[in-house]
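The values are calculated or read from the model by the stated rules, or taken from the named source; none is laboratory data. All values derive from a computational prediction rather than experimental measurement. Here Cβ is always computed from backbone atoms with ideal geometry, including for glycine, and neighbour counts include all displayed protein chains.
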(Lines give C-alpha, C1' and ligand atoms only; values in the text may rest on other atoms or scores of the structure.)
Protein backbone atom coordinates (compact mmCIF):
# COMPACT_ATOMS: atom_id res chain seq x y z
CA UNK A 1 0.00 0.00 0.00
CA UNK A 2 1.40 3.37 -1.03
CA UNK A 3 1.73 6.10 1.55
CA UNK A 4 0.22 9.43 0.68
CA UNK A 5 2.55 12.42 0.65
CA UNK A 6 2.08 14.45 3.82
CA UNK A 7 0.92 18.04 3.37
CA UNK A 8 2.59 20.05 6.11
CA UNK A 9 0.64 23.24 5.46
CA UNK A 10 -1.55 24.63 8.23
CA UNK A 11 -4.56 26.90 7.78
CA UNK A 12 -6.26 28.59 10.71
CA UNK A 13 -8.47 31.60 11.38
CA UNK A 14 -6.70 34.57 9.76
CA UNK A 15 -3.34 32.87 9.21
CA UNK A 16 -1.67 30.00 7.36
CA UNK A 17 1.72 28.32 7.04
CA UNK A 18 2.71 26.57 3.83
CA UNK A 19 4.89 23.48 3.61
CA UNK A 20 8.02 25.63 3.17
CA UNK A 21 7.55 27.54 6.43
CA UNK A 22 6.09 30.75 4.99
CA UNK A 23 3.60 32.30 7.40
CA UNK A 24 0.88 34.67 6.15
CA UNK A 25 -1.27 36.64 8.62
CA UNK A 26 -4.23 38.44 7.09
CA UNK A 27 -5.84 40.37 9.96
CA UNK A 28 -5.55 41.48 13.59
CA UNK A 29 -7.79 38.57 14.53
CA UNK A 30 -5.33 36.31 12.73
CA UNK A 31 -2.43 37.87 14.66
CA UNK A 32 -4.23 37.16 17.93
CA UNK A 33 -5.01 33.57 16.95
CA UNK A 34 -1.42 33.02 15.76
CA UNK A 35 -0.10 34.25 19.09
CA UNK A 36 -2.36 31.84 20.96
CA UNK A 37 -1.14 28.89 18.88
CA UNK A 38 2.42 29.85 17.97
CA UNK A 39 4.26 27.52 20.34
CA UNK A 40 3.46 24.50 18.18
CA UNK A 41 4.74 26.12 14.98
CA UNK A 42 7.39 28.72 15.84
CA UNK A 43 10.34 26.52 14.84
CA UNK A 44 8.91 26.02 11.34
CA UNK A 45 8.69 29.68 10.38
CA UNK A 46 11.15 30.87 7.71
CA UNK A 47 9.38 34.02 6.52
CA UNK A 48 6.40 36.15 7.54
CA UNK A 49 4.08 38.20 5.37
CA UNK A 50 1.57 40.50 7.06
CA UNK A 51 -1.33 41.63 4.89
CA UNK A 52 -2.43 45.23 4.67
CA UNK A 53 -4.97 45.72 7.44
CA UNK A 54 -2.88 44.18 10.22
CA UNK A 55 -2.35 47.06 12.67
CA UNK A 56 -0.47 45.45 15.57
CA UNK A 57 2.36 42.94 15.85
CA UNK A 58 1.47 41.42 19.21
CA UNK A 59 3.85 41.11 22.15
CA UNK A 60 6.04 38.06 21.76
CA UNK A 61 4.34 37.18 18.47
CA UNK A 62 7.54 35.83 16.88
CA UNK A 63 9.64 35.39 20.00
CA UNK A 64 12.13 32.51 19.63
CA UNK A 65 11.20 31.82 15.99
CA UNK A 66 14.79 30.73 15.56
CA UNK A 67 14.52 29.98 11.82
CA UNK A 68 12.84 33.27 10.84
CA UNK A 69 14.89 35.13 8.24
CA UNK A 70 12.57 37.76 6.76
CA UNK A 71 9.31 39.63 7.35
CA UNK A 72 7.21 42.01 5.29
CA UNK A 73 5.51 44.68 7.45
CA UNK A 74 2.79 46.75 5.74
CA UNK A 75 2.12 50.45 6.30
CA UNK A 76 -1.06 49.57 8.18
CA UNK A 77 0.98 48.39 11.20
CA UNK A 78 0.94 51.12 13.85
CA UNK A 79 2.49 49.27 16.77
CA UNK A 80 5.11 46.58 17.27
CA UNK A 81 4.69 45.43 20.84
CA UNK A 82 7.31 44.34 23.36
CA UNK A 83 9.50 41.31 22.63
CA UNK A 84 7.78 40.83 19.26
CA UNK A 85 10.97 39.49 17.65
CA UNK A 86 12.98 38.58 20.73
CA UNK A 87 15.67 35.97 20.07
CA UNK A 88 14.97 35.60 16.35
CA UNK A 89 18.57 34.61 15.79
CA UNK A 90 18.49 34.40 11.98
CA UNK A 91 16.62 37.60 11.21
CA UNK A 92 19.03 39.79 9.22
CA UNK A 93 17.18 42.95 8.18
CA UNK A 94 13.77 44.57 7.99
CA UNK A 95 12.09 47.86 7.21
CA UNK A 96 9.75 49.42 9.75
CA UNK A 97 6.89 51.51 8.30
CA UNK A 98 6.49 55.19 9.15
CA UNK A 99 3.23 54.44 10.94
CA UNK A 100 5.16 52.93 13.90
CA UNK A 101 6.02 55.47 16.64
CA UNK A 102 7.99 53.46 19.18
CA UNK A 103 10.57 50.68 19.38
CA UNK A 104 9.11 48.95 22.40
CA UNK A 105 10.69 46.98 25.25
CA UNK A 106 12.99 44.23 23.97
CA UNK A 107 11.40 44.24 20.52
CA UNK A 108 14.59 42.92 18.84
CA UNK A 109 16.35 41.65 21.95
CA UNK A 110 18.91 38.97 21.13
CA UNK A 111 18.54 39.15 17.33
CA UNK A 112 22.20 38.31 16.88
CA UNK A 113 22.17 38.25 13.05
CA UNK A 114 20.30 41.54 12.62
CA UNK A 115 22.56 43.82 10.60
CA UNK A 116 20.26 46.56 9.40
CA UNK A 117 17.04 48.19 10.61
CA UNK A 118 15.48 51.20 8.96
CA UNK A 119 13.97 53.28 11.76
CA UNK A 120 11.57 55.78 10.17
CA UNK A 121 10.89 59.41 10.95
CA UNK A 122 8.11 59.60 13.50
CA UNK A 123 9.55 57.06 15.95
CA UNK A 124 9.74 58.97 19.22
CA UNK A 125 11.34 56.51 21.63
CA UNK A 126 13.77 53.60 21.68
CA UNK A 127 12.57 51.70 24.72
CA UNK A 128 14.58 49.60 27.19
CA UNK A 129 16.45 46.61 25.68
CA UNK A 130 14.97 47.31 22.21
CA UNK A 131 18.11 46.24 20.31
CA UNK A 132 20.09 44.68 23.16
CA UNK A 133 22.31 41.84 21.95
CA UNK A 134 22.06 42.65 18.24
CA UNK A 135 25.68 41.63 17.87
CA UNK A 136 25.85 41.94 14.06
CA UNK A 137 24.47 45.46 13.80
CA UNK A 138 27.13 47.75 12.36
CA UNK A 139 25.31 51.06 12.16
CA UNK A 140 22.20 52.83 13.40
CA UNK A 141 20.83 56.21 12.40
CA UNK A 142 18.16 57.46 14.74
CA UNK A 143 15.61 59.82 13.15
CA UNK A 144 15.13 63.40 14.31
CA UNK A 145 11.87 62.46 16.03
CA UNK A 146 13.52 60.31 18.75
CA UNK A 147 13.56 62.01 22.17
CA UNK A 148 14.83 59.21 24.41
CA UNK A 149 17.09 56.15 24.31
CA UNK A 150 16.14 53.60 26.95
CA UNK A 151 18.03 51.41 29.40
CA UNK A 152 20.36 48.94 27.64
CA UNK A 153 18.69 49.82 24.32
CA UNK A 154 21.82 48.91 22.32
CA UNK A 155 23.80 47.00 24.93
CA UNK A 156 26.18 44.38 23.52
CA UNK A 157 25.90 45.61 19.92
CA UNK A 158 29.55 44.72 19.61
CA UNK A 159 29.97 45.48 15.88
CA UNK A 160 28.34 48.89 16.06
CA UNK A 161 30.72 51.42 14.52
CA UNK A 162 28.41 54.03 13.03
CA UNK A 163 26.10 55.83 15.48
CA UNK A 164 24.11 58.99 14.80
CA UNK A 165 22.29 60.58 17.75
CA UNK A 166 19.93 63.36 16.62
CA UNK A 167 19.51 66.77 18.23
CA UNK A 168 16.01 65.76 19.38
CA UNK A 169 17.33 63.25 21.97
CA UNK A 170 17.05 64.57 25.52
CA UNK A 171 18.24 61.56 27.53
CA UNK A 172 20.43 58.49 27.08
CA UNK A 173 19.48 55.70 29.45
CA UNK A 174 21.62 53.61 31.77
CA UNK A 175 23.85 51.12 29.91
CA UNK A 176 22.25 52.22 26.62
CA UNK A 177 25.45 51.43 24.66
CA UNK A 178 27.22 49.28 27.24
CA UNK A 179 29.84 46.96 25.73
CA UNK A 180 29.60 48.40 22.22
CA UNK A 181 33.25 47.59 21.82
CA UNK A 182 33.64 48.71 18.19
CA UNK A 183 32.59 52.32 18.79
CA UNK A 184 35.58 54.63 18.43
CA UNK A 185 33.97 58.07 18.45
CA UNK A 186 30.61 59.67 19.22
CA UNK A 187 28.96 63.07 19.08
CA UNK A 188 26.58 64.03 21.86
CA UNK A 189 24.27 66.74 20.48
CA UNK A 190 23.41 69.88 22.40
CA UNK A 191 19.87 68.68 23.06
CA UNK A 192 21.00 65.86 25.38
CA UNK A 193 20.35 66.89 28.99
CA UNK A 194 21.24 63.69 30.83
CA UNK A 195 23.43 60.64 30.27
CA UNK A 196 22.66 57.91 32.79
CA UNK A 197 25.06 55.57 34.56
CA UNK A 198 27.15 53.23 32.43
CA UNK A 199 25.64 54.51 29.18
CA UNK A 200 28.90 54.01 27.27
CA UNK A 201 30.69 51.86 29.83
CA UNK A 202 32.96 49.09 28.54
CA UNK A 203 33.14 50.70 25.10
CA UNK A 204 36.83 49.88 25.20
CA UNK A 205 37.77 51.40 21.83
CA UNK A 206 35.89 54.66 22.36
CA UNK A 207 38.56 57.35 22.35
CA UNK A 208 36.76 60.45 21.13
CA UNK A 209 33.68 62.13 22.63
CA UNK A 210 32.38 65.38 21.18
CA UNK A 211 29.79 67.06 23.39
CA UNK A 212 28.33 69.78 21.19
CA UNK A 213 26.40 71.80 23.77
CA UNK A 214 27.78 74.80 25.62
CA UNK A 215 27.26 72.97 28.92
CA UNK A 216 27.93 69.38 29.85
CA UNK A 217 24.81 67.24 30.29
CA UNK A 218 24.05 65.83 33.71
CA UNK A 219 25.78 62.50 34.09
CA UNK A 220 25.01 59.45 36.18
CA UNK A 221 27.68 57.27 37.74
CA UNK A 222 30.49 56.37 35.30
CA UNK A 223 28.68 56.87 31.98
CA UNK A 224 32.03 56.40 30.19
CA UNK A 225 35.28 54.66 30.98
CA UNK A 226 37.26 57.01 33.23
CA UNK A 227 40.30 57.19 30.92
CA UNK A 228 38.04 58.39 28.07
CA UNK A 229 36.69 61.19 30.27
CA UNK A 230 40.21 62.20 31.25
CA UNK A 231 41.44 62.16 27.66
CA UNK A 232 38.55 64.35 26.58
CA UNK A 233 39.00 66.66 29.60
CA UNK A 234 35.54 66.08 31.08
CA UNK A 235 36.92 65.25 34.54
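So if I check each of 86, 118, which one is under 20 Å from residue 180 (Cα atoms), out of contact with any helix residue (DSSP H, G or I) (no Cβ under 8 Å at 6 or more places or on another chain) and crowded, with 20+ Cβ neighbours inside 10 Å?
Step by step, each of 86, 118 is checked, and only 86 is under 20 Å from residue 180 (Cα atoms), out of contact with any helix residue (DSSP H, G or I) (no Cβ under 8 Å at 6 or more places or on another chain) and crowded, with 20+ Cβ neighbours inside 10 Å.
Check whether at least one residue in region 151-162 is over 27 Å from residue 65 (Cα atoms) and either touching a strand residue (DSSP E or B) at 6+ places or on another chain (Cβ under 9 Å) or not in a loop (DSSP other than H, G, I, E, B) (or both), and report yes or no.
Yes.
Considering only region 88-106, state which residues are in a loop (DSSP other than H, G, I, E, B) and either touching a residue at least 60 places away in the same chain (Cβ under 8 Å) or within 15 Å of residue 123 (Cα to Cα) (or both).
The answer is 96, 97, 98, 99, 100, 101, 104, 105.
Against the definition (under 16 Å from residue 31 (Cβ atoms) and either at pLDDT below 95 or in a strand (DSSP E or B) (or both)), how does residue 140 come out, yes or no?
It is false that residue 140 is under 16 Å from residue 31 (Cβ atoms) and either at pLDDT below 95 or in a strand (DSSP E or B) (or both).
Residue by residue through region 1-52, note down the ones that are under 21 Å from residue 77 (Cα atoms), modelled with pLDDT of 95 or more and in a loop (DSSP other than H, G, I, E, B).
Within region 1-52, 14, 26, 27, 45, 46, 51 qualify.
Within region 53-65, work out how many residues are under 19 Å from residue 90 (Cα atoms) and either modelled with pLDDT under 95 or part of a strand (DSSP E or B) (or both).
So the count comes out to 1.
Where residues in region 190-219 are crowded, with 16+ Cβ neighbours inside 10 Å and more than 22 Å from residue 158 (Cβ to Cβ), which of them is modelled with the lowest pLDDT?
Taking the candidates together, the pick is 211.
Just give me the residues in region 29-56 being under 21 Å from residue 100 (Cβ atoms), surrounded by fewer than 16 Cβ atoms within 10 Å (Cβ to Cβ) and within 24 Å of the chain's Cα centre (by Cα), in sequence order.
Answer for region 29-56, where residues must be under 21 Å from residue 100 (Cβ atoms), surrounded by fewer than 16 Cβ atoms within 10 Å (Cβ to Cβ) and within 24 Å of the chain's Cα centre (by Cα): 49, 51, 52, 53, 55.
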